[in-house]
Amino acid sequence: MTHPQSAASQSAAGRVPTSNADKGLSSRISVPEIAKQLRIGRLAVYAMLEQRIIPGIRLGRRWIITRHAYEQWERTCGTRSGAGLQAQPEVPVLN
């Protein structure tokens, strides 16, 4: 005789991973993990966090870096929206 599984366990077993937690990834990224990806030392990552180059929040002696914020920073090469030179409107020259 087989035992029927509950609906909750059936749906959990047959679902496709959709979130970082389901894929085995944390919503946060560690300093050593960033250092490995950027091929730099941990102290360099801490310096970049202190200088606000890499997005992070300091809680006491710990740094909290969300994976989403880091990946967005990495995709945009660290540029912030609205940073840099603003395009000047073209002005017609009259002779």
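Check ARG28: other-chain or 5+ apart residues with amide H under 5 Å from its amide H, H built from backbone geometry? Under 5 Å from the amide H of ARG28: ARG67. Distance between the modelled labels on LEU59 and LEU43, one decimal in nanometres: 2.7 nm (7 Å Cα→Cβ projection).
Bear in mind these aren't lab numbers, they're just calculated from the coordinates by the rules spelled out. This one's a predicted model, so the numbers in the text were calculated from it and none came from an experiment. Backbone-built Cβ (ideal geometry, glycine too); neighbour counts: all protein chains shown.
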